[in-house]
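Data first, discussion second: the structure below is written as structure tokens.
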Amino acid sequence: MAGELASIPALTRKDFVSNQDVRWCPGCGDYAILAQIQKVLPELGIPREKFVFVSGIGCSSRLPYYVNTYGLHTIHGRAPAIATGVKVANPDLAVWVITGDGDALSIGGNHLIHALRRNVDLKILLFNNRIYGLTKGQYSPTSEIGKKTKSTPHGSIDYPMHPISIALGAEATFTARTIDSDTGHLGKILTEAAHHKGSTFVEIYQNCVIFNDNAFQEVTDRDTRADNTITLEHGRPLIFGKDRNKGIRLKGMTPEVVTLGENGVTEQDLIVHDETLADSTYAFLLSRFEPPHFPVPLGVFRSIQRPTYEDMLTAQIKKAKEKKSSELKNLLYGSETWTVAE
Amino acid sequence: MAENPVLPVYKEIEEQSEATIRFCGDSGDGMQLTGSQFTQTTAIFGNDLATLPDYPAEIRAPAGSLAGVSGYQVHFSSHDIRTPGDAPDVLVAMNPAALKTNLGDLKEGGILIVNSDAFTANNLKKAGYATNPLEEGGMAKYRLHAFPITTLNTKALEGSPLTKKDVERCKNFFALGLMLWMYGRPMDVSLEWINKKFGAKPDLAEANKMALRGGYNFGETTDLVKKHYYIAKAKLPAGIYRNVTGNEATAFGFIAAAQLADKELVYASYPITPASDVLHELSRHRHLNVKTCQAEDEIAAAGMALGAAFTGAVGLTGTSGPGLALKSETVSLAIMMELPLVIINVQRGGPSTGLPTKTEQSDLLQAMYGRHGESPLAVIAPATPGDCFSMAIEAVRIAIQYMTPVIFLSDGYLGNSSEPWKVPDFDKIPKIHVEHYKDAASFLPFLRDPKTLSRPWAIPGTPGLEHRLGGIEKQENTGNVNYEPLNHEKMVLVRQAKIDGIAQSIPLLEVFGKEAGDILVIGWGGTYGAITSAVEMLQKRGIAISCIHLRYLNPFPSNLKKILDNFDTHIVAELNLGQLASILRGRFGVDIQSITKVQGKPFKTDELIEGIFKIARSRGEPKWQENSLASPH
């Protein structure tokens, strides 16, 4: 088998394009995400047949139909549970979960947090468009308060969730955010996610052109982008802004935006980003940043290593087999039997 | 006998063919343990037996309260028996609450052993007794033995370093010892068990042994018990036996099935009474390639099992009624994806939380129809605790052969009850044939086997067979998303035809009794023992009655209609309000009579006989009006 694998020509983007017609609305952010996934997958050195894409229900969840790997388009909210079953049954597979803000955070909130805390090696991509698209425009768990939609004509009175905060709270071992419109950053983050071993959570800001167009305008617009986002880079200070002169400093437990060169502030005063901290407090603090007071962080919030669920399960099986005979008869007879003679 | 310092006192031995004993007491009194220890000894002694554990939903209801009474009934005999016994011959009641809730079941003239020490003013009050019932005339119809068991036990444990409280907690073994003596059983099984259980705590082990021997010796020496009883070994078919509960046999069966299919078993479940014991049992056997996952909820458990099935494992989930409701959307997806998902439902009293520790058969309609859309699947139901093993293998066999979800309908009675089980010769059980599709050139995800109509099982990791499965309707053969009206109808019909076709692969029904006659009693699942026993008694009285027992509920065995046609009166006996009866009426247009019971308890044989008589009389069958047959007694 090894020889055969070695002789297989390198995979290309085309190998990951299925024969199905893509049926998203013209201009949907999902196209860019699909394209980046299809660009990253052949670069990972994993045979195509080892990939499984699992999704729930929603616009984003149609994605597995368009990627020529094994795939499951399942039930609203349940993808993380079903994907866990796939990974448990065969830890050798590369399992990706495609979900949306309604799918992952509303109907499937329970499965998301438990898959993350178990550290199952799943790459969970949450396409966050802050709206229900497939059901034609109701507010979602990430919609801003006051949002007017078909189901909230008087404005939403639900406070929104912060997906990254949820993931960190649920003990995800890799947490990142990226955006559909910045394909370079998107591709970079997807690659890092693919290489992480453990529960991997990536929030992707994704624009719904029909029901929530320009939801992320403040972080995508050329004029405001630099001031409203901050790119997280491990080991680098938190600097942002059109003129790269703004930074984030900690005052006690409270972060504040400062301007370099003003009031004697230098780079030395700024937080240096460390994505490897065992304590998730700092990453959680970052996850609360949002305009107008703070820039939206893009990049890896936290990436740590700990044994995965499936590896610990495999280890238990190995250990149990060393201790006990795998002879089924021992189980069936048990410790107390008696014989009835002819 | 070396361990018994007291000279044996000669006592009369009465031979009996069978007996039913019920141990009952506070849920903290260890009655389940006492009952199961007596059962184990009795099984090894060689009697046939059946048990009925009956415990409250509360782990520790207030001590001494009626709600906290826990009981364990064992029926054992020198001949073949199938039920845990209608009414106890011997009732051991450890406190007034236990007496109050159980005395009504004791046979007239039955032996009543009570712990008189527990009949304090406080306990009497908690049980709702205004006066001490032991001192009243109502006891005259029983052979009452009021023993100060707590005091006797404390005396037997004199010198033990244990605290007074711990000493008192050994009194259940004193009662066990007394019952072992009364039925001439040896103590060695329990002594061995104590050694194993308390090996690390020698004081505790010694105290329990002293209590056991104390009870045994008390029986031997006291003047108050005049005789003991002997029940000869039963003539069971030759073989090696063990005692097994339905939940254990279920777990063993699914492990065996996975091995027969040369597969890993992935069991995902969420704790729920009375199915949790299946999770506990399976979790112990990692060395047998069993991967158990305790999921975050019922839905996730079904999802994990489904994901595992797609990946090529035996994907199994287990629950009880409320959990099956939560899993139903996933089961529908498994029907749409045509994946071999197996769902165990150990039924309990419902609806809602209902009677979580009691038995019922009221999920039949849910199993058959409790899903959205046209969503047929296979439903099977084991008939006895030991049969859970065989039917678990059948569940996996059907799921894989037909690429369909299968619901395995056990119940609380089957799950908790035990019986002697002839351990099957594993090497002689037919293998489960599994074929994973490999050929990329000819692969279409929904191209069907012309005989079984099942689609290929192509698992991730197979090069060239990458494909997507989803809940959206599929085009035939290709499996591509397809919303065309006629295609949908075609797919709905073929999914139904596939399930109907399973009838070709299941055994024909066997009639218990003559192939034709006046009355046919129809049962399914865990009521097998009671129904068969009742019908056998009536047959012995010359009545033209037979019965059939359905272990395959969807599809039905193909000879069912033919059998129905051979009888004038059809009676379905089931622990619900007539669910199978209504299915049979709808399916076959047959006038079905019902015997139903929803008390959280299994049928008693007498209840069934009475029910059958009532129906026969109401239908004006002249011979049932004859005086000789007018009453079941």
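Quick rundown of the values:
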item: Separation in nanometres of the label points that stand 7 Å from Cα toward Cβ, at B:Lys422 and A:Ala35; result: 7.1 nm
item: Candidate lysines for bridging to A:Lys197, where Cα separation is under 17 Å - those fewer than 8 sequence places away on the same chain excluded; result: A:Lys50, A:Lys87, A:Lys123, A:Lys188
item: FRET efficiency estimate (nearest 0.05) - Cβ-Cβ, B:Ser17 to B:Asn122, R0 35 angstrom; result: 0.25
item: The stretch B:12-231, Rg to Rh (Cα coordinates; Rh as Kirkwood inverse mean 1/r); result: 0.94
item: Where A meets B: accessible area buried, both sides, 1.4 Å probe, Å²; result: 5500 Å²
item: Heavy atoms of A:His76 accessible to a 1.4 Å probe, total area in Å² rounded to 10; result: 50 Å²
item: Cα coordinate range in the protein assembly as shown, projected on the principal axes (Å, largest first); result: 106, 69, 64
item: DSSP-defined beta bridges in the protein assembly as shown - what % are antiparallel, rounded to 5; result: 35 percent
item: Greater than 22 Å apart at Cα, pairs in B:Lys165/B:Lys201; A:Lys318/B:Lys428; B:Lys165/B:Lys358; B:Lys540/B:Lys604; B:Lys125/B:Lys604; result: A:Lys318/B:Lys428; B:Lys165/B:Lys358; B:Lys125/B:Lys604
item: Chain A: relative contact order in percent, alpha carbon pairs under 8 Å with at least 6 residues between; result: 14 percent
item: FRET efficiency, B:Glu136 to B:Asp606 (Cβ-Cβ, R0 25 Å, nearest 0.05); result: 0.35
item: Relative contact order computed over the stretch B:517-629 (Cα-Cα under 8 Å; 6+ residues apart), in percent; result: 28 percent
item: Rg [Å, one decimal], Dmax [Å, integer] - chain B, C-alpha atoms; result: 26.8, 89
item: Separation between Cα centres of the stretch A:131-190 and the stretch A:285-312, rounded to whole Å; result: 15 Å
item: Residue of A:Leu105, A:Leu125, A:Leu285 that the Gaussian network model of chain A assigns the largest fluctuation, springs spanning Cα pairs under 10 Å; result: A:Leu285
item: The stretch B:107-149 versus the stretch B:186-223: alpha-carbon centroid distance in Å; result: 26 Å
item: B:Met336 - accessible surface, heavy atoms, 1.4 Å probe, Å² rounded to 10; result: 30 Å²
item: Principal-axis tilt of helix A:309-323 within chain A, Cα atoms, nearest 10 degrees; result: 20 degrees
item: At least 20 Å² of accessible area lost relative to the chain alone, listed for the stretch B:226-245 with a 1.4 Å probe; result: B:Leu236, B:Ala238, B:Gly239, B:Ile240, B:Tyr241, B:Arg242
item: For chain A, built as a Gaussian network whose Cα springs stay under 10 Å, the top-fluctuating residue of A:Lys251, A:Lys14, A:Lys323; result: A:Lys323
item: Charged-residue dipole, Cβ positions (Lys, Arg, Asp, Glu), the stretch B:458-557 about Cα centre, Debye nearest 20; result: 260 debye
item: Interface residues, the stretch A:46-73 - accessible area loss of 50 Å² or more versus chain alone, probe 1.4 Å; result: A:Glu49, A:Tyr65, A:Tyr70, A:Leu72, A:His73
item: Solvent-accessible ranking of B:Phe173, B:Phe218, A:Phe211, largest area first, probe 1.4 Å; result: A:Phe211, B:Phe218, B:Phe173
item: Highest-MSF residue in chain A out of A:Gln206, A:Gln20, A:Gln217 [GNM, Cα springs under 10 Å]; result: A:Gln20
item: Antiparallel content of DSSP bridges confined to chain B, in %, to 5; result: 30 percent
item: Mean accessible surface per residue for the protein assembly as shown, computed with a 1.4 Å probe while every protein chain stays in place, in Å²; result: 40 Å²
item: Within the accessible area of the protein assembly as shown (1.4 Å probe), percent carbon and sulfur; result: 53 percent
item: Estimated dipole of chain A in Debye, rounded to 20 [Cβ of Lys and Arg +1, of Asp and Glu -1, Cα centre]; result: 460 debye
item: DSSP bridge orientation in chain A - percent antiparallel, rounded to nearest 5; result: 35 percent
item: Structure-based [θ]222 nm, chain B - -39500 (n - 2.57) summed over DSSP H runs of at least 4, per residue, nearest 500; result: -11000 deg cm²/dmol
item: Separation between Cα centres of the stretch B:304-359 and the stretch A:203-229, rounded to whole Å; result: 43 Å
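The values are calculated or read from the model by the stated rules, or taken from the named source; none is laboratory data. All of these numbers come straight from a predicted model, not from anything done at the bench. Ideal geometry is used to build each Cβ from the backbone, glycine not excepted, and the neighbour counts take in all protein chains shown. For the accessible areas, the whole protein counts, side chains as well, though only heavy atoms, and no ligand, DNA or RNA atoms are used. Shrake-Rupley method; radii C 1.70, N 1.55, O 1.52, S 1.80 Å.
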